[in-house]
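The values are calculated or read from the model by the stated rules, or taken from the named source; none is laboratory data. All values derive from a computational prediction rather than experimental measurement. Note that each Cβ is placed from the backbone with ideal geometry, even for glycine, and that neighbours are counted across all protein chains shown. Ligands, DNA and RNA are excluded from the accessible area calculation, which covers all protein heavy atoms including side chains. Shrake-Rupley method; radii C 1.70, N 1.55, O 1.52, S 1.80 Å.
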Amino acid sequence: MIELSKSIWALAVSCSLLGACDAAVNDNDACIKQLGEAPEQSITSIDLENMIPDLVESMGAKNYWSSIERVPTRCEPPLGFPNQRPTDDGQEGALAPKPVAFVRFGDISGLAFVYLAQGTDEMTEGVAAAIVEYDGSGHPAEVHQLAEFLSFEGHGIIYSSRVSGQSMERCKQEIEYFEYADNGDIIGELAAPRRSSKTCERQAPLH
């Protein structure tokens, strides 16, 4: 009991001196309010090409990150994302994940984040997008990666998703940036990326 009382007293002092506890509560309350005010949609499209112009054409090479606009929000990001590429500044700083849109459909309510990503082999790199759901207290609860663009040595793959409360459709398209000879040697860079046919498949809904 004595140790517990000391812990509570220490927490009260730190909150009083820094205002951290009130700020955290206020941020969480503001987050819940923002999510509740987001317009409801029947279908949400998570497509990186709509979020980042010329992403595929530039093979992710140009400095597009600074041009991605954040939506103002008091909702905190999760501690990590699926296949997130490590950066020197972690979840803060210039390369931190960016909230780009509020989403609300069915029983899903949250934020779409864009973040730097890498493939499972750690050689392919690019960018991904995920929907983050929040619990009733305004904290990150579930993370659903729904879009991704990864490339390596002239070959890229881009995924996008269309989601609703009842279903989800995930699409895939392969991108080639170079022309190859019959023996596999690179002849040169294509004037424009060559895209394969887009293939889509139905998947189970998020909930």
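Let a ≥ b ≥ c be the square roots of the eigenvalues of the Cα gyration tensor of the stretch 76-207; is it rounded (a/c under 1.5), or, if not, prolate (a/b larger than b/c) or oblate?
On the way: a/c = 3.13, a/b = 1.62, b/c = 1.93.
Taking the square roots of the gyration eigenvalues as a ≥ b ≥ c, the stretch 76-207 is oblate.
Close amide H partners of residue 165, meaning residues 5 or more places away or on another chain with modelled amide H under 5 Å apart, are 106. When peptides 27-35, 146-154 are sorted by average Cβ neighbour count within 10 Å, with the highest value leading, the order is 146-154, 27-35.
Among the protein heavy atoms of the stretch 116-197, carbon and sulfur supply 45% of the accessible surface, probe 1.4 Å, non-protein parts ignored.
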